[in-house]
Amino acid sequence: MSVFYLPRNASKARLREAEDARQNRVEIMKAYSQGQVSRRELIKWGLITSGGLIAPISGLSPFVAYASGGSGSSGSSGSGSGGSSNIPTGMPPSPLFGVQAFTTAMPRFDLVPRNPVSSLSPAPTAEANTTQQPLNPALVGGQSGLTGPIEGRPPGPIWAHQRFTQFPPAVAIEMTQGGATANTSYNPGVSSSLNSGIDPTQGLPLKFHPGLPTQDKNSVWTFNGTIPPKLVKGRYGEPILFRHHNGLPFDVTQNNGFGRNTISTHEHNGHHGAENDGFTGAYFFPGQFYDYHWPIVLAGHFSVNQDASDPLASSPNDSGGLNKVPGDWRETMSTHWFHDHMFSFTSQNVYKGNAAMFNIYSGLDRGNEAINDNVNLRLPSGSSESWGNLDYDVNLMLADKAWDQNGQLFMDIFQFTGFVGDMMTVNLTYKPYFEVEARRYRFRILNASVSRFFKICLSDGSEFFQIGNDGNLLPNPVKLTALDEQGIAERYDIVIDFSRYNVGSKVWMVNLCEHQDGAKPSKDRTLADALGGKSADPCVGKFLEFRIVRKPATSDQSQVPSQMIPNPDLSNVPVARERTFVFGSGAFQNQSDPITSFITGEGGQKGPWGVKVDGGKMLNADFGRLSAAPRFGTREVWHLVNGGGGWDHPIHIHFEEGQVLSRTVLGVAVPVPAWEQGRKDVYRLRPNGSITLTMQFRDWGGMFMEHCHNTVHEDNAMLLRWEIDDGGQPMLRPLPTPCPHPTGVVFENPDEVLPTAF
Ligand SMILES: [Cu+2]
């Protein structure tokens, strides 16, 4: 089997065929992304199969030979691989416009200003602010004279910020989702000498490389419409109010072929009330805002260490000391991100730029390597600020992209097994370099791809430490020469010690994980193969160059302590019940609610992906369906099972961190590796694999989700809703479903409650 993208040296005829086939799909994709045609119609027209895959029509599917492509590699001295009927057309490679790898600096994240809450106008309210404003006619089928609420949050007490008076916001952040524009207020949070010499006052155009075209306004939609990606700094005990404005086009057709103008922002994996979780069905419209309240409490806030006497459960103050906070210190979290969760459009919107990171600081993970108080773990960071130093603590967002022949961001939304790009970006920059001092650095690596897994090592095969997995520091650091496969949405925090390199030398981060399509990794290459260009996957190989430019300016005071954060002890917490979720293909749909249901086809035809709960039917997503309702305050054991071997699924469970109890492959137990022995929020099932985990359900309530974080699988429609609805008023059991309209959210009774939910 070949890979998704044609090689650059393919024959001109084949490249032309591939571009023709891509163009043939573009118009259909545009209509589909804009809601002008439904999946049902695409199935009726025979463009996608009832199994949900693009029909094997030549000139349309990249996996079928182009009809007239016929004989050989005419007019080219190329690879000679064009033509014969069993060779797929493939995708045209993204043009590089002569750009070479490692010729531009990697920009660090753009630090979001932390403002006083009084800067927000109107002031935030516990319940959604339903003050009316005129609606843009484009939102309501051209009607004029209608009004809708200024805030898109579902109204009323159930979606009010839980315990808003107990956790009044102390910090405001405010951003607008918007079309691509130049960044004229870039703040990397460090001096230029620690940002590869980038002068932030120069303004950054929205390009993936200085030699690549500027992105059109509607090709890329990011926070504030700019790159680099945004970073929020927060700390325990200091609630944040994030006001997110939707500044996307009112007209749903203004999307350059993919992306939806309604959004819902998930703080992955925030331990917050569900009204702040970015529920997939709680999306908001252009012209509206949504106030997300992130109280930032340790799990167990209301049941463990309630008197805040344990100094390990703490948060940095502004003078180098600590403020103690309630909760279980073993639940301390560090590396989060936040991103769109719009029902059926998450993959498109995140790919288009709706992804940012959120570093949470604590007494343990202080962001200051010099303070020695027997609480601070003193991980690489810096010491000039009392907390939150970024000097030697670097966020990396990895994402594969593709662009069209004009260099504009492109996504083939018809790849229902998953979409992979052929261009590797770090912090939205094509194969950059990053200047480092000869000392220890922490890197918080986020896999922000749609469907691609990575497996990362250094080009010299040397050792480094993995210190965190997902949001959490591990019980103990793990010394490795290559990370495990990193699934979509997983965060791996690592420490690299560059002091072993001479000033003037270079070392590269290398990806070993090869894809042929978006279903799963096809192979992990050896370092020699990856460096030797043996893989046909253009994202295998070097992708980030480290240039060791000087000795450390000040002495490295950081450490990698042998003990970090042990798991919470659950041995005295009884298991209230177990549940089994099978993630697989060929799902059915019981309902056809036009807003909440993923619609598959006529007569309940199978859609591509779904989830089977406790032995029931494999079902496509419907956010009006309640699939599980664990009881407030209890502990459960969940079994996550991969329904097949042809794909992998990185499964994300919202709200609560889990501990992995066991793993299997083909029903046989396999060891849980050291780097999965901390808390996690994304669980890679592996082909034919399963995972068993345990969680407690504490502190907050409302409706949450569980889904595959291969976001193409999630959108088509491997997602379910679960809820905690018995934690007291104002929650109802079951909860009503929010159905957003520009004129306001209406509530419906659940379409369906699975018999095993309660
Ligand atoms: Cu999946």
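Of all residues in segment 89-147 being outside any loop (DSSP other than H, G, I, E, B) and of a type in the set (Ser, Thr, Tyr), which is nearest to the chain's Cα centre (by Cα)? The selected residue is 119. Taken as a whole, the condition of being more than 16 Å from the ligand (Cβ to nearest atom), buried (at least 22 other Cβ atoms within 10 Å of the Cβ) and either assigned to a loop (DSSP other than H, G, I, E, B) or of a type outside the set (Lys, Arg) (or both) does not apply to residue 747.
Looking for something in a loop (DSSP other than H, G, I, E, B) and among the aromatic types (Phe, Trp, Tyr) - is there at least one such residue anywhere in segment 475-495?
Of segment 475-495, the ones in a loop (DSSP other than H, G, I, E, B) are 481, 483-485, 487-490.
Retained after the next criterion (residues that are among the aromatic types (Phe, Trp, Tyr)): none.
Looking for residues that are in a loop (DSSP other than H, G, I, E, B) and among the aromatic types (Phe, Trp, Tyr), one finds none in segment 475-495, hence no.
Pairs linking a residue in segment 166-185 that is under 17 Å from residue 216 (Cα atoms) to a residue that is small (Gly, Ala, Ser) and modelled with pLDDT of 95 or more, with Cβ atoms under 6 Å and 6 or more positions apart or on different chains, are 177/247; 178/225; 178/247; 179/225; 180/225; 181/225.
Here is a yes/no grid of residues against (1) more than 23 Å from residue 470 (Cα to Cα); (2) surrounded by 22 or more Cβ atoms within 10 Å (Cβ to Cβ); (3) more than 16 Å from the ligand (Cβ to nearest atom):
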residue: 625; (1), (2), (3): yes, yes, yes
residue: 635; (1), (2), (3): no, no, yes
residue: 642; (1), (2), (3): no, yes, no
residue: 659; (1), (2), (3): no, no, yes
residue: 675; (1), (2), (3): no, no, yes
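For segment 127-148, the candidate set comprises residues that are within 19 Å of residue 730 (Cβ to Cβ) and out of contact with any helix residue (DSSP H, G or I) (no Cβ under 9 Å at 6 or more places or on another chain); within that set, the residue that is surrounded by the most Cβ atoms within 10 Å (Cβ to Cβ) is 129.
Every residue, every condition in (1) of a type in the set (S, T, N, Q); (2) modelled with pLDDT of 95 or more; (3) more than 14 Å from the chain's Cα centre (by Cα), yes or no:
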residue: 450; (1), (2), (3): no, yes, no
residue: 455; (1), (2), (3): no, yes, yes
residue: 459; (1), (2), (3): yes, yes, yes
residue: 463; (1), (2), (3): no, yes, yes
residue: 468; (1), (2), (3): no, yes, yes
residue: 478; (1), (2), (3): no, yes, yes
residue: 488; (1), (2), (3): no, yes, no
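Listed by first and then second residue, the pairs linking a residue in segment 687-704 that is at positive phi to a residue that is small (Gly, Ala, Ser) and open to solvent by 10 Å² or more (accessible area, probe 1.4 Å), with Cβ atoms under 6 Å apart and 6 or more places separating them unless they lie on different chains, are 688/645.
Listed by first and then second residue, the pairs linking a residue in segment 203-215 that is open to solvent by 20 Å² or more (accessible area, probe 1.4 Å) to a residue that is assigned to a loop (DSSP other than H, G, I, E, B) and of a type in the set (S, T, N, Q), with Cβ atoms under 6 Å apart and 6 or more places separating them unless they lie on different chains, are 203/184; 205/214; 207/214; 210/104.
Restricting the search to segment 699-713, which residues are out of contact with any helix residue (DSSP H, G or I) (no Cβ under 6 Å at 6 or more places or on another chain) and either within 16 Å of residue 623 (Cβ to Cβ) or crowded, with 24+ Cβ neighbours inside 10 Å (or both)?
Filtering segment 699-713 down to residues out of contact with any helix residue (DSSP H, G or I) (no Cβ under 6 Å at 6 or more places or on another chain) leaves 699-701, 705-706, 709-710, 713.
Result: 699, 700, 705, 706, 709, 710, 713.
The residues of segment 579-610 that are more than 16 Å from the ligand (Cβ to nearest atom), within 26 Å of the chain's Cα centre (by Cα) and modelled with pLDDT under 85, listed by number, are 599, 600. Taking strands (runs of 3 or more DSSP E) as the structural unit, those lying wholly within segment 664-711 and holding at least 2 residues that are of a type outside the set (A, V, I, L, M, F, W, C) correspond to 682-684, 689-696, 702-708. The single condition among (1) touching a residue at least 40 places away in the same chain (Cβ under 8 Å); (2) open to solvent by 10 Å² or more (accessible area, probe 1.4 Å); (3) β-branched (Val, Ile, Thr) that residue 456 does not meet is (2). Among the residues of segment 644-657, just one is more than 13 Å from the ligand (Cβ to nearest atom), of a type in the set (A, V, I, L, M, F, W, C) and surrounded by 23 or more Cβ atoms within 10 Å (Cβ to Cβ), namely 655. Taking residue 542 as the residue in question, decide whether it is of a type in the set (Lys, Arg), touching a Phe, Trp or Tyr at 6+ places or on another chain (Cβ under 9 Å), more than 16 Å from the ligand (Cβ to nearest atom) and modelled with pLDDT of 95 or more. The answer is yes for residue 542. Looking across segment 171-212, just one residue is more than 13 Å from residue 228 (Cβ to Cβ), assigned to a loop (DSSP other than H, G, I, E, B) and in contact with a helix residue (DSSP H, G or I) (Cβ under 7 Å, 6 or more places away or on another chain), and that is 199.
For residues in segment 536-579 being in contact with a strand residue (DSSP E or B) (Cβ under 9 Å, 6 or more places away or on another chain) and free of Cβ contacts under 8 Å to residues at least 40 places away in the same chain, which is surrounded by the fewest Cβ atoms within 10 Å (Cβ to Cβ)?
Initial filter on segment 536-579 (in contact with a strand residue (DSSP E or B) (Cβ under 9 Å, 6 or more places away or on another chain)): 536-553, 556, 558-568, 570, 573-579.
Of the ones still in play, those that are also free of Cβ contacts under 8 Å to residues at least 40 places away in the same chain are 540-541.
Details: 540: 26, 541: 23.
Looking at residues that are in contact with a strand residue (DSSP E or B) (Cβ under 9 Å, 6 or more places away or on another chain) and free of Cβ contacts under 8 Å to residues at least 40 places away in the same chain, I get 541.
Would segment 382-398 turn up any residue that is open to solvent by 20 Å² or more (accessible area, probe 1.4 Å), away from the ligand (no atom under 16 Å from the Cβ) and without any contact (Cβ under 8 Å) to a residue 24 or more places away in the chain?
yes
Among the residues of segment 565-578, is any among the polar types (S, T, N, Q), under 30 Å from residue 493 (Cβ atoms) and at pLDDT 95 or above? Yes, there is a match, as at least one residue in segment 565-578 is among the polar types (S, T, N, Q), under 30 Å from residue 493 (Cβ atoms) and at pLDDT 95 or above.
Kindly indicate which of 419, 410 is among the hydrophobic types (A, V, I, L, M, F, W, C), open to solvent by 10 Å² or more (accessible area, probe 1.4 Å) and either in contact with a Leu (Cβ under 7 Å, 6 or more places away or on another chain) or in contact (Cβ under 8 Å) with a residue 12 or more places away in the chain (or both).
Values: 419 fails: open to solvent by 10 Å² or more (accessible area, probe 1.4 Å).
One residue alone meets the criteria, 410.
Looking at this structure, is residue 225 under 20 Å from the mean Cα position of the chain (by Cα), surrounded by fewer than 24 Cβ atoms within 10 Å (Cβ to Cβ) and assigned to a loop (DSSP other than H, G, I, E, B)? Yes, satisfied. Scanning segment 677-729 for residues that are within 16 Å of the ligand (Cβ to nearest atom), in contact with a Ser or Thr (Cβ under 8 Å, 6 or more places away or on another chain) and of a type in the set (Ser, Thr, Tyr) turns up 690, 711. In this structure, does residue 318 turn out to be open to solvent by 20 Å² or more (accessible area, probe 1.4 Å) and either more than 24 Å from residue 491 (Cβ to Cβ) or assigned to a loop (DSSP other than H, G, I, E, B) (or both)? So residue 318 fits the description; yes.
Take segment 148-170 and flag every residue that is part of a loop (DSSP other than H, G, I, E, B) and either touching a strand residue (DSSP E or B) at 6+ places or on another chain (Cβ under 6 Å) or under 16 Å from residue 242 (Cβ atoms) (or both).
To start, the set of residues in segment 148-170 that are part of a loop (DSSP other than H, G, I, E, B) comprises 150, 152-156, 160-170.
Of everything in segment 148-170, those that are part of a loop (DSSP other than H, G, I, E, B) and either touching a strand residue (DSSP E or B) at 6+ places or on another chain (Cβ under 6 Å) or under 16 Å from residue 242 (Cβ atoms) (or both) turn out to be 150, 152, 153, 154, 161, 162, 164, 167, 168, 169, 170.
The number of residues in segment 611-623 that are within 16 Å of the ligand (Cβ to nearest atom), within 11 Å of residue 580 (Cβ to Cβ) and surrounded by fewer than 22 Cβ atoms within 10 Å (Cβ to Cβ) comes to 1.
The values are calculated or read from the model by the stated rules, or taken from the named source; none is laboratory data. All figures in this text were calculated on a predicted structure; none of them were measured in a lab. Ideal geometry is used to build each Cβ from the backbone, glycine not excepted, and the neighbour counts take in all protein chains shown. What goes into the accessible areas is simple: the full protein's heavy atoms, side chains included, and nothing from ligands, DNA or RNA. Shrake-Rupley method; radii C 1.70, N 1.55, O 1.52, S 1.80 Å.
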